[in-house]
Amino acid sequence: MNKPKHQLTRKERRSQIENCIKEDPSLSSRGIARICGGSHVTVLKIKEEMKNTGLIDQMNTSEETWRKHPYLKKNPRILENLSEHGKRAIKADGVLDMMEAKKLKSPVYAQRLIFKEAKAARNNLYVELGEDACTLFVADIKQGLPQVNDNSVDLLLTDAPYDRGSVPLFVDLGRVANRVLRKGGVLLCMVGQSYLPDQISQLSKHLKYHWTLACITPHGSPFLYKKRLTTGWKPILMFVKSEYTGDMAYDIVRAPIEISEKEVPPHTQPIEVVEKLSENPENMVDDLVYAPADKAEKELLRHAQPLQVFETLIERFSRPGDCVLDVFCGSGTTAVAALKKKRKVIACDKDENRVEMTRKRIEKEVGIDVKSI
Ligand SMILES: C[S@@+](CC[C@H](N)C(=O)[O-])C[C@H]1O[C@@H](n2cnc3c(N)ncnc32)[C@H](O)[C@@H]1O
């Protein structure tokens, strides 16, 4: 059985890294580090050792050898007018191979594709969740959730109540998150815009503010008559216990590559700005999530959120085998998304009908038995 990344011994991690390098030597060291855990420096060292002992071929990675790549020989004009960013990218592991395979002209774009593939490989790692895959219970967050162990959660992903009366709950949320998250663990909390300053200040009493992500909701733009505004996005507050050590978060909101520029809503930065400002595309985590026009969840509960948004957040901020907690589970969107993405789940809500709704939904949509406590 594949163990979660953080439970691997040094020896097991090294052998996983070696296998990953052997399987695809063109993967970048950072990409491999993301898949297997550990730092890219460790991966680089292992790669070097493998090259020196002949376990893998010397690759076109060094300053002297990348220029001899056959694709560059055939297309020498690629080097003309390269930005600083492009000049760095073209020397990176596997970039010229990717350019050759996909007949690309932009090393930056090739590097992005390598990153995407590494991320997909990471998320496709086979993980068996075991019998304790999902735990559900009824609980009011004000009681501190003693059912959840200290330092046991990798990601707390939740959609908190939106009304003014619930703002004080954010102190409880911060306190619980600070206790149950492991060091470096992340709280992502979807909120409305109305009470944002208060919610941020309440959460900041126990956790460190890290970022605000945007969830673009192109198909739901409610009119806020009192505010004289219509809205097409929702903030997702990102708080961290101690320092954030996951994938590098990128400070520009941008559309995913699959979405053509035409489809990008007006809130998004023009692509040239993104290109210019993106320093480390191979490490980027998008801070924009697109919600599909899916009404299925709304039929379950008026406040239900689109499953795909939560799947995306889970893939970005946790790994297969990690533990994901939702303390305001409602109809169970986080729980279903996390289980589908092979994360363990703990979910609760103060409303027992909603916990029951979550249980039924998990059994129907994921097909597993749920443990109750
Ligand atoms: C915005 S809804 C969550 C909707 C959910 N994301 C979904 O997709 O169905 C907020 C949930 O918080 C729960 N809640 C409100 N106050 C709570 C408290 N003090 N402790 C635990 N849950 C609470 C409500 O019962 C409600 O189900």
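Among the residues that make up the stretch 180-191, is at least one of them under 20 Å from residue 148 (Cβ atoms) and exposed (fewer than 15 other Cβ atoms within 10 Å of the Cβ)?
yes
Please state which one of 174, 185, 192 is within 18 Å of residue 211 (Cβ to Cβ), small (Gly, Ala, Ser) and more than 15 Å from the ligand (Cβ to nearest atom). Before the answer, list the steps.
Working: 174 fails: more than 15 Å from the ligand (Cβ to nearest atom); 192 fails: more than 15 Å from the ligand (Cβ to nearest atom).
Checking each option against the conditions leaves just 185.
Please state which one of 167, 153 is within 26 Å of residue 319 (Cα to Cα) and at pLDDT 95 or above.
Only one candidate passes the filter, namely 153.
Which residue, of 355, 324, is more than 8 Å from the ligand (Cβ to nearest atom), in the same structural domain as residue 310 (by TED's automatic domain parsing) and touching a Lys or Arg at 6+ places or on another chain (Cβ under 7 Å)? Walk me through how you get there before you give the answer.
Values: 355 fails: touching a Lys or Arg at 6+ places or on another chain (Cβ under 7 Å).
Only one candidate passes the filter, namely 324.
Return yes or no: is residue 184 on the phi > 0 side of the Ramachandran plot and under 23 Å from the mean Cα position of the chain (by Cα)? Give the steps one after another, and end with the answer.
Numbers: on the phi > 0 side of the Ramachandran plot: yes; under 23 Å from the mean Cα position of the chain (by Cα): yes.
It is true that residue 184 is on the phi > 0 side of the Ramachandran plot and under 23 Å from the mean Cα position of the chain (by Cα).
Cβ-Cβ distance below 7 Å, separation of 6 or more or different chains: which pairs start in the stretch 11-22 with a residue that is surrounded by fewer than 20 Cβ atoms within 10 Å (Cβ to Cβ) and end on one that is part of a helix (DSSP H, G or I) and β-branched (Val, Ile, Thr)?
As it stands, the answer is 14/46; 18/46, since those pairs meet every condition given.
Any residue at all in the stretch 116-130 that's at pLDDT below 95, outside the structural domain of residue 238 (by TED's automatic domain parsing) and of a type in the set (Asp, Glu)?
Among the residues of the stretch 116-130, at least one is at pLDDT below 95, outside the structural domain of residue 238 (by TED's automatic domain parsing) and of a type in the set (Asp, Glu), which makes the answer yes.
If you check every pair at least six apart or on different chains, which have Cβ atoms under 7 Å apart with a residue in the stretch 336-359 that is more than 19 Å from residue 146 (Cβ to Cβ) first and a residue that is assigned to a helix (DSSP H, G or I) and near the ligand (Cβ under 10 Å from one of its atoms) second?
336/307; 336/361; 337/307; 337/310; 357/300; 358/335
The values are calculated or read from the model by the stated rules, or taken from the named source; none is laboratory data. This is a predicted model, so every value here is computed, not measured. Cβ: placed from backbone, ideal geometry, glycine included. Neighbour counts: every protein chain shown.
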